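Peer 1: Take a look at the following structure, please.
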Amino acid sequence: MTAASPSVAAASAPNHLGRLKALTAVTAVAFLLGLGMALAYAGTDAIQGNVQRLFYFHMGAFFGAFVAFACTVVGGVQYLRTRNVKWDTFALAGVEVGVVLSFINLATGSIWARPIWNTWWTWDPRLTSAAVMVLVYIAYLMVRSGIENRDTRHRFAAVYGILAFSSVVFTLVVIRIRPDTIHPAVIGTGAQDAQGGFAMNSSMTTTLLLNMAVWVFLLTPTLMWWRIRLQNYADRVTQRKIAYMEQG
Amino acid sequence: MTTPNTTDFMLLGIAVTLGAIALYVLSLWWRARSLKADEAMLEQE
Amino acid sequence: MSERPVIQTRGLSKAFGFLPVLRGVDVDIPRGQFVALLGANGSGKSTLLRIISGLTKPTQGQVTVGGWHIPDEAQHVRRQLGVVSHKSLVYPQLTAYENLRFAARLYALPAAETHERVLAALERVGLKRRAHQLARTFSRGMQQRLSIARALLHKPHILLLDEPHTGLDQPACATLNALLREMHADGHTLLMTTHQLEHVPLLAQRVLILARGVLAHDAAPESDPVALAQTYARVTGESIHA
Amino acid sequence: MTVFARAVGAIFLKDMRAEWRSRELIGVMLLFALLSVLVFSFALELDRLARREAISGVLWVTVVFASVLGLNRSVAQERENGNVDALLLAPIPRAAIFFGKFLANWLFTAVIGALLLPLMTVLYNVTLASLPVLGLLLAGTWGICVTGTLLASMTLQTRVGEALLPIALLPIALPLLLGTVRATTGILTDAPVNDWGGWVGILLGIDLFYTVVCMAFYGVVVEE
């Protein structure tokens, strides 16, 4: 192939498999530590009981998803500036990991709500917005898969990924500016009629901080890194297929 | 006031969390495996 | 040739994803030349035309049109270009006159002259009597003539024609060819792709053939369509009836 | 007059004239909107109080789906004869092409919405035909059409084509919808401005953000 497209450079980037495996091991240990602290170290909430422990993962998953979707914005902007495929891969990894994490966020929230709010789901602005957030990024994946031309796919994905972030920002701010949500704001002041809020003691704060750090700085990057590796591998195979077809 | 017993819900939540992550990792592995199969086919021909 | 070529490409490459379409094309087209660009489907001739017109960005390489760089200075190039495609580029719900008046506004032609120039352009392609009929009611050949009027309205000196003969019957082809020869006589630079080799010797001074993304042939056309078809078959490895 | 304004005006007027000739957009959108309102009125046998709570949802769902129909047609018209290429070849900014198409789409959608207001006022016996609701309608359809014009330009280039627009548009437009529905309900139930004024602020903020982003990205979407 005479035209050295940027995609070739991305596909032949150094491997780093050893580092990724090390990171994965660290993530696994830290994740188990966080889980253990949530189960054994943090104090039991007097009003809500054990189900309150889910809250550590609920918050971790949301902010992990937030970081992943922010990566999609960075990847999209950088792709449009440089047209280097590695940024599109970065953005795609952000979307997939973000969808998984925001699903965990929704699911843990829903399971917590059953005993506390006495319902699995309610059409509260923040819950609606969080659900829409997942749908936007599923739409991102559908838009992507509908485009055969790779360059077009990358460009549209970049644009859509940037637009989609509005739903993430909306989910974050809706609790602050809208008084009619029942979702409690654990950090800072929230709605007056929020239900299910709780006071945190020091063991709870420590556990929350540790779990947030694990989800944001370890779990999200690890999953994204694996996803990027998979995409680079897929690109290499596609390239070989095309080279094969060109010969034949 | 007694603390309600909500342990079942906690366990369900943890199971869903771990399950979701495990499923995603499994999907990554699955996709890598089918790529390997593609590559092997290219090599054969 | 002392004058700089009107269209010049250097090392022009374009890949759609992993699929290379053009792999290093160098072309010089001097002012006033009528060039036919031939090639099989997927040989990249439409892509080359779209890159020169600024609709597609090249992956690598340099393109200048009228001394301006593409795509960075495309806005200077657009006024010099008239493009006719196998698609008609006209709105079927508008009349011929309205279509051209819309084009005149897009090219910011002086409002006072618009009416005269639109009528003159319609006259030139023989559609003046039909000026106020909807383009929807036009035959394919008439739509193509309207399209040419649209492309000429802002008096470009370069014409890019992407398979202008597609879908035209014999008389319409003859009318089109007569118009193109007239353009050439007027000193326009023309670059045309086509599948129908029989038109090439009648029109072009020079034939370029693209094969597998590179320029494989560059010469004056054989005067006989059959000989041209043989050359084409030899260069591209694909036979085409003339 | 700047190049930008002249190009926007030319494209907008061109769309108006084409629509005046064919009436294909307004016709389809209006018929759909009427059917939708009638179907809702059968499907939701609402009592008087529930009607005031639910009516803004009926209005907005109808307007959004009507706009999807219109947006698909409007952008498809540019692709049919390769006209979008002719627009891109003209010496005008890409953003002007986008804004001209958007203005036309916005006008069509707003007209449909404005026709629905008195109609629904009569059918549901709820005072929708009022200036505040009309203002919300203009602000809400603005955001929907600005994202819709951009997304339709994208989705019509995909394999799935027209079916993909609602899937791509609805989740992006949902923050707008949430705002407009809540504010409309607030107005209809005579709630104090403090209760729904925040939603109007969100709505205008999102409108502004989407307008800037979509105008900036149109060039990226249509280039090849």
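The values are calculated or read from the model by the stated rules, or taken from the named source; none is laboratory data. Note that the structure is predicted; figures quoted are calculated from it, not measured. Ideal geometry is used to build each Cβ from the backbone, glycine not excepted, and the neighbour counts take in all protein chains shown. Just the protein is used for accessible areas: all its heavy atoms, side chains included, with ligands, DNA and RNA removed. Shrake-Rupley method; radii C 1.70, N 1.55, O 1.52, S 1.80 Å.
Peer 1: Tell me which residues, restricted to region D:191-218, are at the interface with chain A (Cβ under 8 Å from one of its Cβ atoms) and among the aliphatic types (A, V, I, L, M).
Peer 2: Residues satisfying the conditions are D:202, D:206, D:213.
Residues checked against (1) at pLDDT 90 or above; (2) closer than 25 Å to residue D:93 by Cβ; (3) in contact with a Ser or Thr (Cβ under 8 Å, 6 or more places away or on another chain):
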| residue | (1), (2), (3) |
| --- | --- |
| D:3 | no, yes, no |
| D:12 | yes, yes, no |
| D:23 | no, no, no |
| D:36 | yes, no, yes |
| D:48 | no, no, no |
| D:71 | yes, yes, yes |
| D:78 | yes, yes, no |
| D:81 | no, yes, yes |
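Peer 1: I'd like the full set of residues that are touching a residue at least 60 places away in the same chain (Cβ under 8 Å) and more than 13 Å from chain C (Cβ to nearest Cβ), limited to region A:233-248. Explain how you work it out, then say what you get.
Peer 2: From region A:233-248, those touching a residue at least 60 places away in the same chain (Cβ under 8 Å) are A:235-236, A:239, A:243; that's our starting set.
Those that are touching a residue at least 60 places away in the same chain (Cβ under 8 Å) and more than 13 Å from chain C (Cβ to nearest Cβ): none in region A:233-248.
Peer 1: Also: Based on what the data block shows, is residue C:154 at pLDDT below 95, facing chain D (nearest Cβ under 9 Å) and out of contact with any helix residue (DSSP H, G or I) (no Cβ under 7 Å at 6 or more places or on another chain)?
Peer 2: Values: at pLDDT below 95: yes; facing chain D (nearest Cβ under 9 Å): yes; out of contact with any helix residue (DSSP H, G or I) (no Cβ under 7 Å at 6 or more places or on another chain): yes.
Answer is yes for this residue.
Peer 1: Which one is farthest from the other protein chains (Cβ to nearest Cβ), of the residues in region B:12-45 that are of a type in the set (Phe, Trp, Tyr) and under 10 Å from the mean Cα position of the chain (by Cα)? Steps first, please.
Peer 2: Pass one, region B:12-45, residues of a type in the set (Phe, Trp, Tyr): B:24, B:29-30.
Among the residues that remain, those that are also under 10 Å from the mean Cα position of the chain (by Cα) are: B:24, B:29.
Numbers: B:24: 5, B:29: 9 Å.
The residue in question is B:29.
Peer 1: Within region D:5-46, can you find the residues that are under 30 Å from residue C:100 (Cα atoms) and open to solvent by 70 Å² or more (accessible area, probe 1.4 Å)? Working first, answer last.
Peer 2: Looking only at region D:5-46, we keep the residues that are under 30 Å from residue C:100 (Cα atoms), and these are D:5-29.
Result: D:6, D:13, D:17, D:20, D:21, D:23, D:28.
Peer 1: Specify the residue that is surrounded by the fewest Cβ atoms within 10 Å (Cβ to Cβ); the eligible residues are those in region D:125-150 that are in contact (Cβ under 8 Å) with a residue 24 or more places away in the chain and more than 15 Å from residue D:59 (Cβ to Cβ). Break it down stepwise before answering.
Peer 2: As a first pass, look at region D:125-150 and keep what is in contact (Cβ under 8 Å) with a residue 24 or more places away in the chain: D:125-128, D:130, D:132-133, D:136-150.
Filter again for more than 15 Å from residue D:59 (Cβ to Cβ), leaving D:142-143, D:145-150.
On the way: D:142: 22, D:143: 27, D:145: 28, D:146: 28, D:147: 25, D:148: 32, D:149: 26, D:150: 31.
Going through the qualifying residues, I end up with D:142.
Peer 1: In region C:46-63, which residue that is open to solvent by less than 10 Å² (accessible area, probe 1.4 Å) and away from every other protein chain (no Cβ under 12 Å) is nearest to residue C:11 (Cα to Cα)?
Peer 2: For region C:46-63, the residue satisfying everything is C:63.
Peer 1: Report yes if some residue within region D:10-21 is within 14 Å of chain C (Cβ to nearest Cβ) and either under 14 Å from the mean Cα position of the chain (by Cα) or acidic (Asp, Glu) (or both); otherwise report no.
Peer 2: So far as region D:10-21 goes, yes, one or more of its residues are within 14 Å of chain C (Cβ to nearest Cβ) and either under 14 Å from the mean Cα position of the chain (by Cα) or acidic (Asp, Glu) (or both).
Peer 1: Of all residues being of a type in the set (S, T, N, Q) and away from every other protein chain (no Cβ under 14 Å) in region D:77-124, which is most open to solvent (accessible area, probe 1.4 Å)? Just the residue, please. Give the steps one after another, and end with the answer.
Peer 2: As a first pass, look at region D:77-124 and keep what is of a type in the set (S, T, N, Q): D:77, D:81, D:83, D:105, D:109, D:121.
Narrowing further to those that are away from every other protein chain (no Cβ under 14 Å): D:105, D:109, D:121.
On the way: D:105: 5, D:109: 4, D:121: 35 Å².
Among them, the one singled out is D:121.
Peer 1: Please give the helices (runs of 4 or more DSSP H) falling wholly within region C:57-143 in which 2 or more residues are farther than 29 Å from residue C:5 by Cα.
Peer 2: The qualifying helices (runs of 4 or more DSSP H) are C:96-106, C:111-124.
Peer 1: A further question follows. Among the numbered criteria (1) modelled with pLDDT of 95 or more; (2) part of a helix (DSSP H, G or I), which single criterion is violated by residue C:191?
Peer 2: Failing condition for residue C:191: (2).
Peer 1: How many residues are more than 15 Å from residue C:79 (Cβ to Cβ) and surrounded by 20 or more Cβ atoms within 10 Å (Cβ to Cβ) if we restrict to region C:98-119?
Peer 2: The first filter runs over region C:98-119 and keeps only residues more than 15 Å from residue C:79 (Cβ to Cβ), leaving C:98-102, C:111-116, C:118-119.
Now drop any that are not surrounded by 20 or more Cβ atoms within 10 Å (Cβ to Cβ), which leaves C:98-102, C:118.
Summing the residues that are more than 15 Å from residue C:79 (Cβ to Cβ) and surrounded by 20 or more Cβ atoms within 10 Å (Cβ to Cβ) in region C:98-119 gives 6.
Peer 1: Another one. With the checklist (1) surrounded by fewer than 23 Cβ atoms within 10 Å (Cβ to Cβ); (2) over 16 Å from residue D:154 (Cα atoms); (3) away from chain C (no Cβ under 12 Å); (4) of a type outside the set (Phe, Trp, Tyr) in hand, flag the one item residue D:55 doesn't pass.
Peer 2: Result: residue D:55 fails condition (1) only.
Peer 1: Here's something else I'd like to know. Take the residues of region C:204-219 that are in a loop (DSSP other than H, G, I, E, B) and over 12 Å from residue C:25 (Cα atoms): which is most open to solvent (accessible area, probe 1.4 Å)? Let's see the steps before the verdict.
Peer 2: Applying the first criterion (in a loop (DSSP other than H, G, I, E, B)) to region C:204-219 yields C:204-205, C:212-213.
Narrowing further to those that are over 12 Å from residue C:25 (Cα atoms): C:204-205.
Values: C:204: 10, C:205: 87 Å².
Restricting to residues being in a loop (DSSP other than H, G, I, E, B) and over 12 Å from residue C:25 (Cα atoms), the top hit is C:205.
Peer 1: Output the residue which, of all residues in region C:69-97 that are open to solvent by 10 Å² or more (accessible area, probe 1.4 Å) and away from every other protein chain (no Cβ under 12 Å), is farthest from residue D:94 (Cα to Cα).
Peer 2: Among those that are open to solvent by 10 Å² or more (accessible area, probe 1.4 Å) and away from every other protein chain (no Cβ under 12 Å), it is C:69.
Peer 1: Also: Checking residue D:224 against (1) in contact with a Leu (Cβ under 8 Å, 6 or more places away or on another chain); (2) open to solvent by 40 Å² or more (accessible area, probe 1.4 Å); (3) of a type outside the set (Phe, Trp, Tyr); (4) closer than 27 Å to residue A:130 by Cα: exactly one of these is not met. Which one?
Peer 2: (4)
Peer 1: Does residue A:139 qualify as being within 30 Å of residue A:48 (Cα to Cα) and open to solvent by less than 10 Å² (accessible area, probe 1.4 Å)? Before you say what the answer is, go through the steps one by one.
Peer 2: Working: within 30 Å of residue A:48 (Cα to Cα): no; open to solvent by less than 10 Å² (accessible area, probe 1.4 Å): yes.
Spelling it out, it is not the case that residue A:139 is within 30 Å of residue A:48 (Cα to Cα) and open to solvent by less than 10 Å² (accessible area, probe 1.4 Å).
Peer 1: Tally up the residues in region C:138-173 that are touching a Gly at 6+ places or on another chain (Cβ under 7 Å), among the small types (Gly, Ala, Ser) and within 17 Å of residue D:83 (Cα to Cα), please.
Peer 2: 1
Peer 1: Please go through region C:136-150 and give me each residue that is in contact with a Leu (Cβ under 8 Å, 6 or more places away or on another chain) and either loosely packed, with under 14 Cβ neighbours inside 10 Å or not aromatic (Phe, Trp, Tyr) (or both), ordered by number.
Peer 2: Here is the first cut: in region C:136-150, the ones in contact with a Leu (Cβ under 8 Å, 6 or more places away or on another chain) are C:138, C:140-142, C:144-150.
Passing the criteria: C:140, C:141, C:142, C:144, C:145, C:146, C:147, C:148, C:149, C:150.
Peer 1: Quick one: is residue B:3 outside any helix (DSSP H, G or I) and either β-branched (Val, Ile, Thr) or open to solvent by 60 Å² or more (accessible area, probe 1.4 Å) (or both)? Before the answer, list the steps.
Peer 2: Working: outside any helix (DSSP H, G or I): yes; either β-branched (Val, Ile, Thr) or open to solvent by 60 Å² or more (accessible area, probe 1.4 Å) (or both): yes.
Yes, satisfied.
Peer 1: So if I check each of A:165, A:170, which one is crowded, with 17+ Cβ neighbours inside 10 Å, at pLDDT 90 or above, part of a helix (DSSP H, G or I) and not charged (D, E, K, R)?
Peer 2: On inspection, the qualifying residue turns out to be A:165.
Peer 1: Which fully enclosed helices (runs of 4 or more DSSP H) of region A:4-117 have 3 or more residues being facing another protein chain (nearest Cβ under 8 Å)?
Peer 2: Details: elements: A:6-11, A:17-36, A:54-82, A:85-116.
Output list reads A:54-82, A:85-116.
Peer 1: Then there is this: Looking at the structure I just gave you, is residue C:122 farther than 24 Å from residue C:48 by Cβ and either within 9 Å of chain D (Cβ to nearest Cβ) or open to solvent by less than 20 Å² (accessible area, probe 1.4 Å) (or both)?
Peer 2: Values: farther than 24 Å from residue C:48 by Cβ: yes; either within 9 Å of chain D (Cβ to nearest Cβ) or open to solvent by less than 20 Å² (accessible area, probe 1.4 Å) (or both): yes.
Judged against the criteria, residue C:122 is a match.
Peer 1: Select from region C:151-199 the residues that are under 9 Å from residue C:82 (Cβ atoms) and more than 13 Å from the chain's Cα centre (by Cα) and write down the one among them that is surrounded by the fewest Cβ atoms within 10 Å (Cβ to Cβ).
Peer 2: My answer is C:155.
Peer 1: Determine whether region A:99-109 contains at least one residue that is of a type in the set (Ser, Thr, Tyr), open to solvent by less than 10 Å² (accessible area, probe 1.4 Å) and at pLDDT 90 or above. Please lay out each step first, then the result.
Peer 2: Step one: filter region A:99-109 for residues of a type in the set (Ser, Thr, Tyr), giving A:102, A:108.
Next, from what is left, pick out any that are open to solvent by less than 10 Å² (accessible area, probe 1.4 Å): A:102, A:108.
When the remaining residues are screened for being at pLDDT 90 or above, the result is A:102, A:108.
Among the residues of region A:99-109, at least one is of a type in the set (Ser, Thr, Tyr), open to solvent by less than 10 Å² (accessible area, probe 1.4 Å) and at pLDDT 90 or above, which makes the answer yes.
Peer 1: Would you mention how many residues in region C:5-30 are charged (D, E, K, R), open to solvent by 20 Å² or more (accessible area, probe 1.4 Å) and touching a residue at least 40 places away in the same chain (Cβ under 8 Å)? Full working, then the answer.
Peer 2: Taking region C:5-30 and keeping what is charged (D, E, K, R), we get C:10, C:14, C:23, C:26, C:28.
Of the ones still in play, those that are also open to solvent by 20 Å² or more (accessible area, probe 1.4 Å) are C:10, C:23, C:26, C:28.
So of that shortlist, the ones also touching a residue at least 40 places away in the same chain (Cβ under 8 Å) come out as C:10, C:23, C:26.
Selection size over region C:5-30: 3.
Peer 1: Those residues that are open to solvent by 10 Å² or more (accessible area, probe 1.4 Å) and more than 7 Å from chain A (Cβ to nearest Cβ), I need them from region D:162-185; list them, please.
Peer 2: Within region D:162-185, D:162, D:163, D:166, D:170, D:177, D:181, D:182, D:185 meet the criteria.
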